[in-house]
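**Student:** Below: one structure in structure tokens.
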There are 4 protein chains.
Amino acid sequence: MIPNTTFERLPEEKKERIMQAALMEFAEKGYAAASINRMVEKAGIAKGSVFQYFGDKEGLFAAVFAHSLEKVKDELRKVRDNPARTDIFTRLAQILHTGLDFTRTHPLIYRLYTHLLSTPDMPLRNFLLTRIRKEGKDFLAELLEKAADRGEIRRDLPMQEALFLLEALMDRFLLASVLPYLGEGFSDKKTMENHIPGFMDILEKGMGNKRP
Amino acid sequence: MIPNTTFERLPEEKKERIMQAALMEFAEKGYAAASINRMVEKAGIAKGSVFQYFGDKEGLFAAVFAHSLEKVKDELRKVRDNPARTDIFTRLAQILHTGLDFTRTHPLIYRLYTHLLSTPDMPLRNFLLTRIRKEGKDFLAELLEKAADRGEIRRDLPMQEALFLLEALMDRFLLASVLPYLGEGFSDKKTMENHIPGFMDILEKGMGNKRP
Amino acid sequence: MIPNTTFERLPEEKKERIMQAALMEFAEKGYAAASINRMVEKAGIAKGSVFQYFGDKEGLFAAVFAHSLEKVKDELRKVRDNPARTDIFTRLAQILHTGLDFTRTHPLIYRLYTHLLSTPDMPLRNFLLTRIRKEGKDFLAELLEKAADRGEIRRDLPMQEALFLLEALMDRFLLASVLPYLGEGFSDKKTMENHIPGFMDILEKGMGNKRP
Amino acid sequence: MIPNTTFERLPEEKKERIMQAALMEFAEKGYAAASINRMVEKAGIAKGSVFQYFGDKEGLFAAVFAHSLEKVKDELRKVRDNPARTDIFTRLAQILHTGLDFTRTHPLIYRLYTHLLSTPDMPLRNFLLTRIRKEGKDFLAELLEKAADRGEIRRDLPMQEALFLLEALMDRFLLASVLPYLGEGFSDKKTMENHIPGFMDILEKGMGNKRP
DNA sequence: CATGAATGAGGATTCATTCAT
DNA sequence: GATGAATGAATCCTCATTCAT
């Protein structure tokens, strides 16, 4: 479970090459169907090394996941540290944009996440899912709370449901950017940004505090 | 290519037993990781029979999917044929309730769908996804249009985005009812219904035409 | 081993259909690799019938072989009954032509024979091979003997070797007419006849009794 | 596609053991009916190794074939490099002897060749056949041409047909040495050599240039 | 520490044969 | 007598894992 330090000491380039190859396999095939054979060939390393570094397939998966989670956190930090003094809806729009940037740069990471979501017997599933969702959800929750404090959302807004809706939108929006056939007009990553204002319009009216 | 009629002629009980066992495997493991060995053991039939009935794994998957789609359609028919003369938001609430009933009765079918969504190299993925989504999405689209005609939603509602949001909520809501760890307060199927009014409140304000 | 009479009582058309389908399989794939599944599909009969008629795969093969042997005999009869009062070399040329006609009409039968030749563990191999070769070889042997009596071949001709050579030529010639890539200029069934005079020229000089 | 070097690096003894076991299977059963299970048991290696070495059954077959072809070439070299200053018929007799030596030492290789000849849907059939036949046929063709230049064969000899006849005799002669039931007096490898002079007698009269 | 050869369990699939209808 | 569903052994092949070099 605890990653061998051997892998850590590898040259950065090689580490990245291995992580990338593993991520590709897991993201495309899911955990069980992923083949270490294909991975090592892609990465150009010896098969034995995988087991030296990570113990077994599960350990490799955990490492890939942790590696990916770091990138997610980096991205989130960017948004969080944005000192933007704007209202929550502008903020949400920014987040969608950032999310889109993320799936554009790291489409495989998002696919990895969806596999985790949909496969009940994936090893470490619960552990990993709670870890990654904590990142995203806490962030949204905090956003909502602060907005409430600032009076940007209406008093009687059902918070739990609002949070759920935001997460649903976010997830589906990113999924559509990563996998085809989720709806005409949304299969194209390039034009997806055009929809963001529309979403904000609905959310603002549904959750906001503006007088008409 | 044309499905053998052998399977059709089986006694209903046996057919259902086989479909159920296959659905369990596919829903839990996804397509590639599903094991026909496990399935036939669960179903109590000979391994060779699977191939006599369905030709190959892909054929079996297609059959399971078709079988499941029928149940989805049955459910949708119930909602559609409901002659309810109510506004769209009451309707949406009904739909969420019905969806919850469905995932309660057929949790595996929904999991099957999520695998299809998240696995890019699933066989027949595009074909099957377009088929199943046509059912659901067309229904929601029609609902929105009629509501627009009746003036139940505001004139300037961005329709595409509204539709997307509804689908996202629907999907996520049902997913939460089927798989754990999507959020505290939502992991419990029994209490999920309590959230429906909250959702409707937000949607109505965001999309509706009511004067405050 | 003894063929069930059930098959004999079948309508001629059906019998022929079954034999033809079986011959195709055995000729193309050889005995072990032949599939009864494919055969019954081609023949459009029930799989169980094959076993009712012939007992098992081996019985079927024996029946196909017997059926084919009949056709060979028919063909040989044509040549034998030809009251041609010609010398042996004209006769041999006729035989090659007839053989070519035969492989043109029944290419599969010849392939069946080559499989039998080249597969050591084919069931009934020895029994069947001796049966079929008896037909051909005895005929050639008789031909040679009569020619010797008539003084058409030289006194000192080594008979065993001559017979062997004739068989070799015959077999190879027919094989080339049935399977490609045995030599440029011989892969084309249509032009093979042009080579016959050349062969006769060599044989006549090598075996004949003519004074230069 | 490119053959793994793993097999090449094996100890010679093991390589030979594997090749021998595989050759036995393929030679006895033909390609499709050959069983890798039986082979690995005979060779005493793990089943997985076969696929590590050769990729798949076809790759194994190609390797066995290449291995065998090398032995054929070695044998041919012996004959070719024989600086014998003799006429073509003495040469042909030598070749038959050498061929007999070869089938005595490597009977399976010749059987492999006959399967290739008689099985139309063997993988790589055309490719392999042209390769192996090039070796043998070119050699005979060259022999004939040189004999023509030296005036050892008659001017008006039909060359194509002569070549064909020589090949047919050669093939059939070797086949008889390897598989039983091709003719009494020829089924016995030990006495086959006795027939060679008889063949030469016929060929010399049929093709040669001697005045009686 | 890196390598890659060895292994056998398990994968999907095909098959000849049996037998109840 | 004809049918075709049921069966399980055997097919080729892939895989994660181990371990000697």
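The values are calculated or read from the model by the stated rules, or taken from the named source; none is laboratory data. Note that this is a predicted model, so its numbers are computed, not measured. So basically every Cβ, Gly included, is an ideal-geometry build from the backbone, and we count neighbours across all protein chains shown. The protein model used for the area step is the full one, side chains on, heavy atoms only, and it has no ligands, DNA or RNA in it. Shrake-Rupley method; radii C 1.70, N 1.55, O 1.52, S 1.80 Å.
**Student:** Considering only residues of region B:60-81 that are more than 18 Å from B:A33 (Cβ to Cβ) and of a type outside the set (D, E, K, R), which is nearest to DNA strand E (Cβ to nearest atom)?
**Tutor:** Filtering region B:60-81 for residues more than 18 Å from B:A33 (Cβ to Cβ) gives B:63, B:66-81.
In the following step, the residues that additionally are of a type outside the set (D, E, K, R) were identified as B:63, B:66-69, B:72, B:76, B:79.
On the way: B:A63: 12, B:A66: 17, B:H67: 18, B:S68: 19, B:L69: 21, B:V72: 25, B:L76: 31, B:V79: 36 Å.
Among residues in region B:60-81 that are more than 18 Å from B:A33 (Cβ to Cβ) and of a type outside the set (D, E, K, R), the one nearest to DNA strand E (Cβ to nearest atom) is B:A63.
**Student:** Among the helices (runs of 4 or more DSSP H) confined wholly to region C:46-118, which include 2 or more residues that are within 16 Å of DNA strand F (Cβ to nearest atom)?
**Tutor:** Numbers: elements: C:47-54, C:57-81, C:88-105, C:107-118.
So the answer is C:47-54, C:57-81.
Yes or no, residue by residue, for (1) facing another protein chain (nearest Cβ under 10 Å); (2) open to solvent by 20 Å² or more (accessible area, probe 1.4 Å); (3) on the phi < 0 side of the Ramachandran plot; (4) not small (G, A, S):
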| position | (1), (2), (3), (4) |
| --- | --- |
| C:L112 | yes, no, yes, yes |
| C:H115 | yes, no, yes, yes |
| C:S118 | yes, no, yes, no |
| C:D121 | yes, yes, yes, yes |
| C:L124 | no, yes, no, yes |
| C:R131 | no, yes, yes, yes |
| C:G136 | no, yes, yes, no |
| C:F139 | no, no, yes, yes |
| C:L144 | no, no, yes, yes |
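**Student:** Kindly provide the set of residues from region A:29-42 that are buried (at least 20 other Cβ atoms within 10 Å of the Cβ) and either more than 14 Å from every other protein chain (Cβ to nearest Cβ) or more than 10 Å from DNA strand F (Cβ to nearest atom) (or both), ordered by number.
**Tutor:** Residues satisfying the conditions are A:G30, A:M39.
**Student:** Just checking, does region D:67-81 include any residue being aliphatic (A, V, I, L, M) and surrounded by fewer than 16 Cβ atoms within 10 Å (Cβ to Cβ)? Even if it seems obvious, please write down each step before you answer.
**Tutor:** So the first thing to find is which residues in region D:67-81 are aliphatic (A, V, I, L, M), and the list is D:69, D:72, D:76, D:79.
Now restrict to residues that are surrounded by fewer than 16 Cβ atoms within 10 Å (Cβ to Cβ): none.
Checking region D:67-81: not a single residue is aliphatic (A, V, I, L, M) and surrounded by fewer than 16 Cβ atoms within 10 Å (Cβ to Cβ).
**Student:** Still on this structure, please answer the following. Among the numbered conditions (1) more than 12 Å from DNA strand F (Cβ to nearest atom); (2) at positive phi, tell me where A:L10 comes up short.
**Tutor:** Single failed check for A:L10: (2).
**Student:** How many residues does region B:171-207 contain that are closer than 16 Å to A:L117 by Cβ and touching a residue at least 60 places away in the same chain (Cβ under 8 Å)? Show your work before the answer.
**Tutor:** The initial filter retains those residues of region B:171-207 that are closer than 16 Å to A:L117 by Cβ, namely B:171-183, B:186-187.
Adding the requirement that they be touching a residue at least 60 places away in the same chain (Cβ under 8 Å) leaves B:173-175, B:177-179.
The total comes to 6.
**Student:** Related question: Return yes when D:T5 is within 11 Å of DNA strand E (Cβ to nearest atom) and at pLDDT below 90 and no when it is not. So that I can check it myself, show each step before the final result.
**Tutor:** Numbers: within 11 Å of DNA strand E (Cβ to nearest atom): yes; at pLDDT below 90: yes.
So D:T5 fits the description; yes.
**Student:** Among the residues of region D:178-196, write down those that are more than 8 Å from chain C (Cβ to nearest Cβ) and open to solvent by 10 Å² or more (accessible area, probe 1.4 Å). Working first, answer last.
**Tutor:** From region D:178-196, those more than 8 Å from chain C (Cβ to nearest Cβ) are D:178, D:184, D:187-194, D:196; that's our starting set.
Listed by number, the residues that qualify are D:V178, D:E184, D:S187, D:D188, D:K189, D:K190, D:T191, D:E193, D:N194.
**Student:** Within region C:5-28, track down each residue that is open to solvent by less than 60 Å² (accessible area, probe 1.4 Å) and either part of a loop (DSSP other than H, G, I, E, B) or without any contact (Cβ under 8 Å) to a residue 24 or more places away in the chain (or both).
**Tutor:** Correct list: C:L10, C:K15, C:A21, C:E25.
**Student:** Kindly check whether there is at least one residue in region A:50-58 that is in contact (Cβ under 8 Å) with a residue 12 or more places away in the chain and more than 15 Å from DNA strand E (Cβ to nearest atom). Before the answer, list the steps.
**Tutor:** Here is the first cut: in region A:50-58, the ones in contact (Cβ under 8 Å) with a residue 12 or more places away in the chain are A:50, A:52-55, A:57-58.
Subset that is more than 15 Å from DNA strand E (Cβ to nearest atom): A:58.
The answer is yes, given that some residue of region A:50-58 is in contact (Cβ under 8 Å) with a residue 12 or more places away in the chain and more than 15 Å from DNA strand E (Cβ to nearest atom).
**Student:** Touching a Gly at 6+ places or on another chain (Cβ under 8 Å), hydrophobic (A, V, I, L, M, F, W, C) and within 16 Å of DNA strand E (Cβ to nearest atom): which single residue out of D:A33, D:A43 fits that description? Spell out how you get there, then give the answer.
**Tutor:** Details: D:A43 fails: touching a Gly at 6+ places or on another chain (Cβ under 8 Å).
After ruling out the rest, the residue left standing is D:A33.
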